[in-house]
Every structure is written in C-alpha cells, then in structure tokens.
1. Report, by residue number, each residue of the range 1-27 that is at pLDDT 90 or above and surrounded by 19 or more Cβ atoms within 10 Å (Cβ to Cβ).
2. Sort through 71, 76, 80 and tell me the only one that's farther than 14 Å from residue 25 by Cβ, modelled with pLDDT under 90 and surrounded by 19 or more Cβ atoms within 10 Å (Cβ to Cβ).
3. Here are 6, 63, 10, 25: which of them is touching a Leu at 6+ places or on another chain (Cβ under 9 Å), closer than 21 Å to residue 90 by Cα and assigned to a helix (DSSP H, G or I)?
4. For residues that are under 21 Å from residue 5 (Cβ atoms) and not hydrophobic (A, V, I, L, M, F, W, C), scanning just the range 35-60, find the one that is surrounded by the most Cβ atoms within 10 Å (Cβ to Cβ).
5. Within the range 95-115, take every residue that is hydrophobic (A, V, I, L, M, F, W, C) and in a loop (DSSP other than H, G, I, E, B) and give me the one that is modelled with the lowest pLDDT.
6. Please specify each residue of the range 28-44 satisfying the condition of being touching a residue at least 12 places away in the same chain (Cβ under 8 Å) and not in a loop (DSSP other than H, G, I, E, B).
7. Could you list, in sequence order, the residues of the range 131-160 that are exposed (fewer than 11 other Cβ atoms within 10 Å of the Cβ) and at pLDDT 85 or above?
Amino acid sequence: MDPKTLAQSLTKRGVKVTRSRLAVLRVLTDTPEHLKVAEVHRRARQIDGQIGLASVYRTMDLLARLQFIKHVHMDHRHRHYARATDGHCHHLVCRSCGVVVEFSDCQTDQLVRTLTRRTRFRIEGHCMDFFGQCPDCRRRAGASRRSSHLNRLAQGRPHA
C-alpha cells in the first residue's frame, strides 16, 4: 500500500495526518524490512528533519492499534515492526544482533486442522517466530572463540 492510500485510510478513521505521520508512513511503505523504531526514526528524519523520536513511537503505536503494522515478537532488547498482513507470518530472529528474516514456507495445514477439530476455534491466521543466531553472528562468535583459544595457547594455558 502506498503512503497516500494509508493516509486516506487514517483520515477516514478520524486520525489527523501530520507531516510526521506521513514521514513514518513513507518509511514503512518504502521497505519490506522489519524495522526498529530507532531505524524508522533515522529514515524519517531524512524525509522530515524535524521529526522527533517520541512522535515516531506514538505513530508506530497508533499504526499498530489500527492494525496497519504489527509488532514482531522480540525479546526484551529488540522490538521490530512489520507491515500487517492477513493470515500468517513467519520470522527467524537472531538473538545476538536482532536481525529479522521473514520466510513464507508454511507447512502447518495439518496442525491447523487438528487444532480446529480439537478446540473448535475458527483459526484465521498464525505467527511463528524462531529464535537463534544468524550466520554472521555465528561466524563472529566462532572467530572470537578461535582467537581466545590462540591467546590461551600463547599464554601457555591450552584449556579454559
């Protein structure tokens, strides 16, 4: 959805469309990425140099309440936002650096049928978040372990 259409949707819901909100909408519609508020703020400042971090937080909360965007479940250090989609969403989340990768492989049909039958819920969607360590962080961690091991050897301490 483009920023103009989203702005019209906000107006129809009685929400005032400010310069700051338009800047945030542009950032969100210009990227498929999941963004932290700080990154939305950084990008929005390129559009509107006057936008404050508090305005971005308020706008993101408003857009989440209106279901234009959604919180991507994160641990206590990172909270990313993504454009709201119908149905389901799937994410790989790096616990080290916070990067979020969205994927579309969904093989939960059997689980949905079983849960529907068992609980009598009408399931309309789902979200799955898998947490771990991305390849870059694993590489960095491996290099750090090798470096520590070499330092111990150089100091005559082969074991930690």
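1. Listed by number, the residues that qualify are 20, 21, 22, 23, 24, 25, 26, 27.
2. On the way: 71 fails: surrounded by 19 or more Cβ atoms within 10 Å (Cβ to Cβ); 76 fails: surrounded by 19 or more Cβ atoms within 10 Å (Cβ to Cβ).
Result of the check over 71, 76, 80: 80.
3. Working: 6 fails: closer than 21 Å to residue 90 by Cα; 10 fails: closer than 21 Å to residue 90 by Cα; 25 fails: closer than 21 Å to residue 90 by Cα.
The match here is 63.
4. 59
5. Of the residues in the range 95-115, the ones hydrophobic (A, V, I, L, M, F, W, C) are 97, 99-101, 103, 106, 111-112, 115.
Now drop any that are not in a loop (DSSP other than H, G, I, E, B), which leaves 97, 99, 103, 106.
Numbers: 97: 83, 99: 79, 103: 77, 106: 73.
Going through the qualifying residues, I end up with 106.
6. Once the filter is applied, which keeps residues that are touching a residue at least 12 places away in the same chain (Cβ under 8 Å) and not in a loop (DSSP other than H, G, I, E, B), the range 28-44 yields 28, 29, 35, 36, 37, 38, 40, 41, 43, 44.
7. Taking the range 131-160 first, the residues exposed (fewer than 11 other Cβ atoms within 10 Å of the Cβ) are 135, 142-144, 146-147, 150-151, 154-160.
Of everything in the range 131-160, just one residue is exposed (fewer than 11 other Cβ atoms within 10 Å of the Cβ) and at pLDDT 85 or above, namely 135.
The values are calculated or read from the model by the stated rules, or taken from the named source; none is laboratory data. Keep in mind that what you see is a predicted model, and the values were worked out from it rather than measured. No Cβ is skipped: glycine too gets one built from the backbone with ideal geometry, and neighbour counts run over all protein chains shown.
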